[in-house]
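Taking it in order: structure first as structure tokens, then the write-up.
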Amino acid sequence: MKRLLLALIFLSFVQDSDAASLERFQSYLRTTQSARGDFEQKVYDKDGKLVQSSRGSFALLRPNRFRWTYVKPQQTIVGDGEKVWIYDEDLKQVTVRRIARVLGSTPAALLAGSSDVQEGFELKELGEKDGLEWLEAKPRDKDAGFERMRLGMSTGGVEAMELMDHFGQTTVLRFSNVVRNPQIEPGTFRFSPPKGADVLGD
């Protein structure tokens, strides 16, 4: 479910304490209906030690449609608007959940969800660091599965995300080659379980 959280990963905020940041992000959400690009993901334990590194590509189409593909280990996460499908190729296993049950106050609700994110998150301006403007989001739902999230934005949009969970782990994502509002084939957000794969869930 960690990767589900992450691919339910990409996202957004707003807070009255900083109108400029609020307006920038709201404008980004209003003007970005689809996106695709690459990502690099690193997971650090509570002591700051790197415990996992992976990379892959993503595509999203708001609302609630996305495809998150990990190169190694091979895993695919697809949101088709109604359900989220997680396919682990090594295990030959598919897990499926209704999207309403897994979005809520998750990272995916920020960017792949609706443009109104204030209902699900408490937001705070963190200022500028490393050339990016940072925002912090804390989910209002205490069962969201993560403690807080930081989003790094440039004038071009989202470039980085840092997700802190309840166990002290930090997942850091960096996005590259991002294209905003590309035409994406509808089939990108459809998923059919491969023959022979075990299917678990809803």
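The values are calculated or read from the model by the stated rules, or taken from the named source; none is laboratory data. Model, not experiment: these values are computed from the prediction. Every residue, glycine among them, receives a Cβ derived from its backbone with ideal geometry; neighbour counts consider all protein chains shown. Calculation scope for accessible area: heavy atoms of the full protein, side chains included, ligands and nucleic acids excluded. Shrake-Rupley method; radii C 1.70, N 1.55, O 1.52, S 1.80 Å.
Identify all residues within the range 37-57 that are open to solvent by less than 30 Å² (accessible area, probe 1.4 Å) and touching a Ser or Thr at 6+ places or on another chain (Cβ under 8 Å); write none if there are none. Step through it out loud before you land on a result.
First, the residues of the range 37-57 that are open to solvent by less than 30 Å² (accessible area, probe 1.4 Å): 37, 39, 41, 43, 54, 56.
Selection gives G37, F39, Q41, V43, G56.
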Positions within the range 30-62 being in a loop (DSSP other than H, G, I, E, B) and over 13 Å from the mean Cα position of the chain (by Cα), in sequence order = T32, Q33, D45, K46, D47, G48, K49
query = For L60, all conditions in the list (1) open to solvent by 10 Å² or more (accessible area, probe 1.4 Å); (2) free of Cβ contacts under 8 Å to residues at least 60 places away in the same chain hold save one; what is the number of the exception?
reply = (1)
request  = Select from the range 15-36 the residues that are at pLDDT below 70 and surrounded by 15 or more Cβ atoms within 10 Å (Cβ to Cβ) and write down the one among them that is farthest from S54 (Cα to Cα).
outcome  = D18
query = Restricting attention to the range 108-136, which residues are of a type in the set (A, V, I, L, M, F, W, C) and either touching a Cys at 6+ places or on another chain (Cβ under 7 Å) or at pLDDT below 80 (or both)?
reply = A108, A109, L110, L111, A112, V117, F121, L123
request  = Can you tell me which residue within the range 86-107, out of those that are at pLDDT below 70 and small (G, A, S), is surrounded by the fewest Cβ atoms within 10 Å (Cβ to Cβ)?
outcome  = G104
inquiry  = Checking the condition farther than 23 Å from I99 by Cα and among the charged types (D, E, K, R), which residue from D130, D143 passes?
reply    = D130
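Go through the range 138-158 and report how many residues are in a strand (DSSP E or B) and closer than 19 Å to Y44 by Cβ.
Within the range 138-158, residues that are in a strand (DSSP E or B) and closer than 19 Å to Y44 by Cβ number 5.
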ask   = Are any of the residues in the range 149-170 modelled with pLDDT of 90 or more and of a type in the set (V, I, T)?
value = yes
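Of the residues that sit in the range 118-171 and are of a type in the set (A, V, I, L, M, F, W, C) and free of Cβ contacts under 8 Å to residues at least 24 places away in the same chain, which one is farthest from R36 (Cα to Cα)?
Initially, the range 118-171 is screened for residues of a type in the set (A, V, I, L, M, F, W, C), giving 121, 123, 126, 132, 134-135, 137, 144, 146, 149, 151, 153, 158, 160-161, 163-164, 167.
Subset that is free of Cβ contacts under 8 Å to residues at least 24 places away in the same chain: 134, 164.
Numbers: W134: 22, M164: 24 Å.
Ranking the qualifying residues of the range 118-171, first place goes to M164.
Pick from the range 133-157 the residues that are open to solvent by less than 60 Å² (accessible area, probe 1.4 Å) and closer than 23 Å to L50 by Cα: which of them is farthest from the chain's Cα centre (by Cα)?
Initially, the range 133-157 is screened for residues open to solvent by less than 60 Å² (accessible area, probe 1.4 Å), giving 133-137, 139, 144-146, 148-149, 151-154, 156-157.
When the remaining residues are screened for being closer than 23 Å to L50 by Cα, the result is 134, 136, 145-146, 148-149, 151-152.
Values: W134: 16, E136: 14, G145: 13, F146: 12, R148: 13, M149: 10, L151: 11, G152: 13 Å.
My answer is W134.
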ask   = Which members of the range 161-202 meet the condition of being in a loop (DSSP other than H, G, I, E, B) and either hydrophobic (A, V, I, L, M, F, W, C) or open to solvent by less than 60 Å² (accessible area, probe 1.4 Å) (or both)?
value = D165, F167, G168, Q169, P182, I184, F191, P193, P194, A197
